[in-house]
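All remarks here apply to the structure that follows.
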Amino acid sequence: MSFVVVDNIFQHYGRRPILERVSITAQEGEFVSIVGASGCGKSTFLRLLLDQERPTRGQITVDGQPLTGEPNRSRGIVFQRYSVFPHMTVRDNLVAAEALGANLFGILPSPKRRAARERAMASLDRIGLAHVAHQYPASLSGGMQQRLAIAQALAGKPRILLLDEPFGALDPGTREKMHAFLMDLRAETKMTVFMVTHDLPEAFKLGDRVLAFDKVRWDPHDPEAFGATITYDFDARDGGIPYQRIKEETHVLDATDETPPLASSG
Amino acid sequence: MVPFVLVLLAYAMGSEARRAVNPADKLLPAPAQIVETAARLVAEPDRRSGIILFWQDTASSLRRLALGVGIGAGLGLLFGLAIGLLPLVRTSFSGFVAVLSMVPPLAILPILFIVFGLGEVSKVALIAIGITPFLIRDLSARTSELPFEQLVKAQTLGASSLAIALRVALPQIMPRLIQAVRLSLGPAWLFLIAAEAIASQDGLGYRIFLVRRYLAMDVILTYVIWITVIAFALDWLLARLSRRLYPWAEVRA
Ligand SMILES: Nc1ncnc2c1ncn2[C@@H]1O[C@H](COP(=O)(O)OP(=O)(O)OP(=O)(O)O)[C@@H](O)[C@H]1O
Ligand SMILES: [Mg+2]
């Protein structure tokens with residue numbers, strides 16, 4: 001059975017439709033990229049997946065359970081900005097991932113805190129931030145802050161990771177490094193990821209699937225009359241070029257057969 | 001430094017000129033006389049009671065100020081957080097606080113005297129009432145400015161509402177609280193001195209208004225300078241405290 005099932009959801013703000021008739025299913029461990037024009041409701045869709053809001057109509061189930069209307073530990077999120085706590089050191093940001101939900105006060109008792117600090121240092125070591133463990137996030141570069149934000153979200157051991165333009169504010173070089181970082185983490189944890197991005201190559205490079213959100217109905221006199229829905233669901237495994245791969249293989253076959261490539265395409 | 005020297009010079013010249021006309025002039029006592037009076041005030045005990053009134057006045061006033069500002073800060077923090085974080089509290093209280101902050105505190109001083117008597121309570125209450133609405137408004141605004149991303153993030157890490165208030169909002173509001181308290185110290189002194197002037201047995205404001213009857217400018221000026229020094233020191237201490245306790249707040253600024 002599918003892990004995430006989005007069943008024909010609609011989302012309106014007031015009378016304004018944002019999303020309509022959105023249905024998808026995703027398997028556990030899938031990486032789903034989401035693209036679409038600005039303002040078409042991608043972040044809204046993530047908020048629904050996060051359970052921060054309930055859809056106006058329709059239902060989302062995760063592992064067979066309908067969502068409850070309150071974000072919880074089963075989902076982690078990283079935003080473009082403001083995802084880490086500025087008043088905690090880099091290390092304490094990771095400790096907080098365990099402490100905040102530990103009890104009503106969000107404070108770990110001291111023996112557990114020591115263990116959590118050690119775990120935090122170990123993961124900082126792994127993500128290359130150990131040397132700034134005692135600095136505050138504001139003194140970190142954008143890439144380092146996002147690395148911390150992702151590590152923090154993962155420290156909560158979520159089953160689904162939601163990323164809203166996580167690399168949108170980074171320069172291309174840093175972005176490449178973050179891609180490698182994210183792919184490594186993912187290979188390790190095998191978690192389900194939904195990532196919104198405005199960068200198509202990034203969407204295809206990282207995703208197993210790329211969903212495009214767009215409006216299918218359009219009223220020129222009232223652009224806000226209709227909401228957006230999923231208009232394409234591309235298979236993006238192998239870098240999103242499955243057909244090209246098939247063609248190349250055929251081409252190799254063709255070469256050995258010494259027949260013209262055109263004739264073999266049928 | 002230059003402006004201070006200029007003011008001193010201007011005062012010395014004015015004082016000189018007046019005393020040249022009338023050696024018994026009381027309005028602008030000579031700087032040397034002020035220093036002499038100040039030395040007497042801080043060192044010589046009162047003949048009747050045997051205590052040094054200057055220090056007793058200082059202690060009384062500072063106690064009132066600390067209590068009033070402390071209570072105001074506590075209430076400001078509590079209501080500021082609640083209004084900033086909880087939409088339900090915001091819709092029901094923020095309008096009320098906005099109207100409340102329009103009430104001129106000095107106008108209700110007589111009510112305080114009637115209700116609490118002429119003792120310490122009404123003076124402390126005046127300071128607290130005078131600054132609390134401002135603190136609540138400032139802190140609730142700062143709290144609701146916290147990026148919602150942080151609150152959502154905390155929720156996804158399993159934080160309860162209490163944990164969010166205590167571990168995410170409160171620490172980030174503390175430097176703002178110190179800043180707001182620094183701003184409200186000016187009004188707090190105003191309310192303190194007003195209350196002491198009207199009904200008191202001691203205190204810096206009481207003394208100034210008492211010796212006014214004898215035109216004791218040297219005493220008044222000593223007290224005014226002393227109040228200024230205290231106010232400046234408090235402000236400086238709070239700024240230092242904030243930098244010390246919340247270094248991250250500086251990094252971002
Ligand atoms: N809480 C809300 N109340 C009312 N309208 C909202 C709310 N949240 C979002 N909207 C509106 O919904 C529309 C979709 O917003 P959303 O943030 O989901 O777009 P997006 O696809 O993420 O855009 P971007 O690429 O710019 O991030 C926007 O027009 C926005 O104004
Ligand atoms: Mg968005």
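A dipole drawn for region A:101-149 from +1 and -1 charges on Cβ atoms has a positive end, and of A:Ser141, A:Ala120, A:Leu108 the residue lying farthest that way is A:Leu108.
Each principal axis of the Cα atoms in region A:109-215 has its own extent, and those three values, largest first, are 53, 29, 24 angstrom.
Peptide B:168-176 is shielded by partner chain Cβ atoms: per residue, an average of 2 of them sit within 10 Å of its Cβ.
Think of each Lys and Arg Cβ as +1 and each Asp and Glu Cβ as -1; about the Cα centre, that makes the dipole of the protein assembly as shown roughly 2240 debye. Residue by residue along A:85-94, Cβ atoms of other protein chains within 10 Å of the local Cβ number 4 on average.
Kindly provide the helix-only [θ] at 222 nm of chain B, computed as the sum of -39,500 (n - 2.57) over DSSP H runs of four or more divided by all residues, to the nearest 500 deg cm²/dmol? Don't jump to the answer; show the numbers that get you there.
Numbers: 11 runs with 194 residues, N = 253.
Value at 222 nm, helices only, nearest 500: -26000 deg cm²/dmol.
Treating only the Cβ atoms of Lys and Arg (+1) and Asp and Glu (-1) as charged, compute the dipole magnitude of region A:81-157 about its Cα centre; round to the nearest 20 debye. Don't skip to the answer; put the middle values down first.
Numbers: 10 positive and 4 negative charges, 23 e Å.
With Lys and Arg at +1 and Asp and Glu at -1, about 100 debye.
Mind grabbing the interface size between B and A? I mean buried accessible area, both sides, 1.4 Å probe, in Å² to the nearest hundred.
On the way: alone 14980 and 14630 Å², together 27140 Å².
Buried surface at the B/A interface: approximately 2500 Å².
Placing a label point 7 Å from the Cα of B:Arg243 along the Cα-to-Cβ direction, no residue of region A:127-169 has a backbone N closer than 12 Å. Adding -39500 (n - 2.57) for every DSSP H run of four residues or longer, then dividing by how many residues chain A holds, sets the calculated 222 nm ellipticity at -11500 deg cm²/dmol. Take each residue in A:130-136, count the other chain C-beta atoms within 10 Å of its C-beta, and the mean is 1.
Computed in the context of the full set of protein chains, the accessible area of the protein assembly as shown at 1.4 Å probe radius has 62% of its extent on carbon or sulfur. When the alpha-carbon atoms of region A:81-157 are used, the pair Rg, Dmax equals 11.5, 33 angstrom.
Where in chain B are the DSSP H helices whose alpha-carbon span along the long axis reaches 15 Å or more and whose Kyte-Doolittle mean is at least 0.0? Mind dumping the intermediate values first?
Details: long enough: B:2-21 (29 Å, 1.18); B:31-43 (18 Å, 0.78); B:53-85 (47 Å, 1.16); B:87-100 (19 Å, 1.34); B:120-144 (35 Å, 0.81); B:170-198 (39 Å, 1.11); B:217-245 (41 Å, 1.30).
Helix filter hits for chain B: B:2-21, B:31-43, B:53-85, B:87-100, B:120-144, B:170-198, B:217-245.
Given a Förster distance of 22 angstrom, what is the FRET efficiency for B:Phe4 paired with B:Ala231, based on the Cβ-Cβ distance and rounded to 0.05? If you can, show how the numbers build up before the last one.
Values: r = 16 Å, r/R0 = 0.72.
The formula returns an efficiency of 0.90 here.
Cα to Cα, under 13 Å, and not fewer than 8 places away if on the same chain: which aspartates and glutamates meet these conditions relative to A:Lys205? A:Lys205 reaches A:Glu176, A:Asp235, A:Asp238.
Computed from the alpha carbon positions, the gyration tensor of chain A leads to an equivalent ellipsoid with semi-axes of 36, 27, 17 Å, biggest first. The residues of the protein assembly as shown expose, per residue, 52 Å² of accessible area to a 1.4 Å probe.
The values are calculated or read from the model by the stated rules, or taken from the named source; none is laboratory data. Remember, predicted model here, so these are calculated numbers, not experimental data. Backbone-built Cβ (ideal geometry, glycine too); neighbour counts: all protein chains shown. Side chains included, ligands, DNA and RNA excluded: accessible areas come from the protein's heavy atoms. Shrake-Rupley method; radii C 1.70, N 1.55, O 1.52, S 1.80 Å.
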